[in-house]
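A short worksheet on the structure shown next.
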Amino acid sequence: MAPLLGDIPHSAALLGDGSEVLGFDDAVSTDHDFGPRLQVFVSTEADAVRAEAALEGLPDSFDGFPVVFRDTDRFGGRAHHQVEVTTAPEFFTARLGTDPAAGMQVVDWLTTPTQRLATLTAGEVFHDPDGSLTTRRAALTWYPDDVWRYALAAAWLRVSQEGAFVGRTGGLGDELGSLLLTARVARDLIRIAFLVERRWAPYHKWLGTAFTRLPVAGQVGPHVRTALHAGHWRDREAALCAGQRELATATNHLGLAEQVDPEPRQYHDRDIRVLAADRLTAALIAPITDPYLRALLTRLGHRHTTPMLPGTIDQAVDSVDILTHPDRCRNASAALGLPSERPG
C-alpha cells in the first residue's frame, strides 16, 4: 500500500474494533465481513483527500482475500476497500471520548471499558514515523496506581458481595442458584487476574482464551475449572476459596496496599467459607491519595464499614449496547457516582 500513498506523510496500523486486532480470529471468522483492512493516519484534511484518491488503486483481492468487500459496521455497509483514512486525534477521540495524547483523566479511565483499551494497545502498528500512534498507545498502557487500586478494590468487593451465596443457595438445595452464582464469582475472579497481571481484559467471547495466557492462570485456572464442574456446593465453595486465596496472594505481592491474610474463613456464624474479600477492598482504598478519587469515595459513602464502589464502567454495567458506544459509557457516569461535568 505504501507505493500507492507515495509522498503522503502517514502512519498505518490495525487498531480498534475487531477480534483480529487481538489475534483471536481463526478460519471460522472468515464467514462474515472478513478481509484485509487497516487504518491510515494522516495529519491534514488535504492529505486525507489525497490518500483516499490514491487508495482507489488497491487491487480487488490480496492473498486470496477480497480487498473490496462489504463490512456491515463500516462505510455504511457498502462495498469498500476497508482502509479507514483518519487522523490520530480523530480516531482515538471517537473511541475514547478524549485524545490520550493530552493525558487521561480519572473519569476517562473509569468510563472506558477494558476491551476498548485492549484493542487500542494490542493491535499492530505497521508504520509510525512521527510517533503519533506510539505516543497515544503509551498513554493507554495501564491505569495510574490510584485508579488501579480503585478498580481492584471494586473487583474484590464484587466477590465479597456474592461469594457467600454459593454456599447459602447450595445449603438450601438450590443447585441451579448455586451454579449460577459460582459462574458469576468465577468470572469476577478471572477479571481480577487481568488486573493483577496489568493486562486489559477482552470482552466475554475471548475472556477465557485470553485468561489462559496470563502467568497467574496456572495457579488460578485449575480452581476455577473445578468450581465450574463440581457437582456439590461444598466442592464449588472450596475451589472458589482456593482461587481467591491465590489471587489475594498475588494482590498482596503488587505492593499497592497493606498485606491482607489470604486464608478463607467462616462467614459470620454460618457453615460457609469465604475469603472476606472486602478486607482487600478496604486495604486498597486506604492509600489512595488522588483528589478526584478521594472525593468520589467520600461521595459514594459506606455501607457499614465497607466502601460502596460501583467501580469502572464494565464492572458496573454489563450491556453490550452501552459498552460498545463511548458516548453511552460517558452518559452512564452517574451510575459510577461521577459528577456530570468533566473536571477542568
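Annotations
- Restricted to the stretch 257-266, and to residues there that are farther than 18 Å from Asp188 by Cα and buried (at least 17 other Cβ atoms within 10 Å of the Cβ), the residue that is farthest from the chain's Cα centre (by Cα) is Val260.
- Residue in the stretch 32-52 that is β-branched (Val, Ile, Thr), touching a Gly at 6+ places or on another chain (Cβ under 7 Å) and at negative phi present: no
- Contact map, the stretch 297-310: residues that are at pLDDT 90 or above paired with residues that are polar (S, T, N, Q) and assigned to a loop (DSSP other than H, G, I, E, B), Cβ distance under 8 Å, separation 6+ or inter-chain. No pairs are found.
- Residue check for Val40: under 22 Å from Ser19 (Cβ atoms) and touching a strand residue (DSSP E or B) at 6+ places or on another chain (Cβ under 7 Å): yes
- None of Arg225, Arg236, Arg213 is open to solvent by less than 20 Å² (accessible area, probe 1.4 Å) and of a type outside the set (S, T, N, Q) except Arg236.
- Close pairs from the stretch 211-224: first of a type in the set (Phe, Trp, Tyr), partner open to solvent by less than 50 Å² (accessible area, probe 1.4 Å) and not in a loop (DSSP other than H, G, I, E, B), Cβ under 9 Å, at least 6 apart: Phe211/Ile190; Phe211/Arg191; Phe211/Ala193; Phe211/Phe194; Phe211/Ala217; Phe211/Val220; Phe211/Gly221; Phe211/Val224
- Extreme residue, surrounded by the most Cβ atoms within 10 Å (Cβ to Cβ), among residues of the stretch 134-179 that are hydroxyl-bearing (Ser, Thr, Tyr) and either in a helix (DSSP H, G or I) or over 16 Å from the mean Cα position of the chain (by Cα) (or both): Tyr150
- Here Leu15 fulfils each of the conditions (1) surrounded by fewer than 20 Cβ atoms within 10 Å (Cβ to Cβ); (2) touching a residue at least 12 places away in the same chain (Cβ under 8 Å) apart from (1).
- Any chance Gly16 is in contact with a Ser or Thr (Cβ under 7 Å, 6 or more places away or on another chain) and within 30 Å of Ala334 (Cα to Cα): yes
- Checked against (1) assigned to a helix (DSSP H, G or I); (2) open to solvent by 50 Å² or more (accessible area, probe 1.4 Å); (3) over 29 Å from Asp146 (Cβ atoms), Arg245 passes all but condition (3).
- For the stretch 101-119, the criterion of being touching a residue at least 60 places away in the same chain (Cβ under 8 Å), open to solvent by less than 60 Å² (accessible area, probe 1.4 Å), touching a strand residue (DSSP E or B) at 6+ places or on another chain (Cβ under 7 Å) and not basic (Lys, Arg) is met by no residue.
- Qualifying residues in the stretch 122-133 (those that are in a loop (DSSP other than H, G, I, E, B) and open to solvent by less than 20 Å² (accessible area, probe 1.4 Å)) - the one modelled with the lowest pLDDT: Gly123
- Any chance Pro100 is out of contact with any Lys or Arg (no Cβ under 7 Å at 6 or more places or on another chain), at pLDDT 95 or above and not polar (S, T, N, Q): no
- Taking first residues from the stretch 236-261 that are at negative phi and of a type in the set (Lys, Arg) and partners that are assigned to a helix (DSSP H, G or I) and crowded, with 18+ Cβ neighbours inside 10 Å, the Cβ contacts under 8 Å between residues at least 6 apart in sequence or on separate chains come to Arg236/Val166; Arg236/Gly170; Arg236/Ser178; Arg236/Leu179; Arg236/Thr182; Arg236/Ala227.
- Criterion applied to Val196, Val220 was being open to solvent by less than 20 Å² (accessible area, probe 1.4 Å), touching a Gly at 6+ places or on another chain (Cβ under 7 Å), over 13 Å from Thr114 (Cβ atoms) and hydrophobic (A, V, I, L, M, F, W, C), and the one residue passing it is Val220.
- Those residues of the stretch 249-282 which are over 16 Å from Gln161 (Cβ atoms) and among the hydrophobic types (A, V, I, L, M, F, W, C), in sequence order: Ala250, Leu254, Leu256, Ala257, Val260
- Residue check, Asp63 open to solvent by 80 Å² or more (accessible area, probe 1.4 Å) and either of a type in the set (A, V, I, L, M) or without any contact (Cβ under 8 Å) to a residue 24 or more places away in the chain (or both): no
- Meets criteria (in contact (Cβ under 8 Å) with a residue 40 or more places away in the chain, out of contact with any helix residue (DSSP H, G or I) (no Cβ under 7 Å at 6 or more places or on another chain) and not in a helix (DSSP H, G or I)) for Pro9: no
The values are calculated or read from the model by the stated rules, or taken from the named source; none is laboratory data. In this text, all values refer to a predicted model and were calculated from it rather than measured experimentally. Note that each Cβ is placed from the backbone with ideal geometry, even for glycine, and that neighbours are counted across all protein chains shown. Each accessible area value is taken on the protein alone, full model and side chains, heavy atoms only, with ligands, DNA and RNA left out. Shrake-Rupley method; radii C 1.70, N 1.55, O 1.52, S 1.80 Å.
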